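The values are calculated or read from the model by the stated rules, or taken from the named source; none is laboratory data. Keep in mind that this is a model prediction, so the values were computed, not measured. FYI the Cβ positions are ideal-geometry reconstructions off the backbone, even for glycines, and counts take in every protein chain you see. Please note that ligands, DNA and RNA were not included when accessible areas were found on the heavy atoms of the full protein model with its side chains. Shrake-Rupley method; radii C 1.70, N 1.55, O 1.52, S 1.80 Å.
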Amino acid sequence: MGFEEQQDIRTDVELLKKDVHSISRLVDKLDVAIDKLTDVTNCLNRMIAVQEENLDKSVGLQQVSFWLTC
């Protein structure tokens, strides 16, 4: 293997290291984004549960009110 081939291989290895580092940073950012989306999803689920509970209470009160006026 000649000197130029060794240099080409070293250059390729360094470029691959740089690519791996860039991909690693991207994966870290995606991991953070997934965590944030999970938090948002959990908050939305809690909000929906509270709204459903409020709606159930409201419907119950309307039914009681209806029966009291009859």
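Per residue, how large is the accessible surface of the chain? Use a 1.4 angstrom probe and give square angstrom.
On the way: 6680 Å² over 70 residues.
That works out to 95 Å² per residue.
Roughly speaking, to the nearest percent, how much of the chain's 1.4 Å accessible area is carbon and sulfur?
Details: 4180 of 6680 Å².
Of all accessible area on the chain, carbon and sulfur atoms account for 63 percent.
Work through the residues other than R10 whose Cβ is under 12 Å from its Cβ and net out their charges, Lys, Arg +1 and Asp, Glu -1. The partial results should precede the final answer.
Details: positive: K17; negative: E4, E5, D8, D12, E14.
Result for the neighbourhood of R10: -4.
Note on the stretch 8-70: Lys pairs 8 or more places apart or on different chains, Cα atoms under 30 Å apart, count 4.
Net charge in the neighbourhood of M47 (other residues with Cβ under 14 Å of its Cβ; Lys, Arg +1, Asp, Glu -1) is -2. In this simple spin-label model, placing a label point 7 Å from the Cα along the Cα-to-Cβ direction at both T69 and H21 gives a separation of 7.3 nm.
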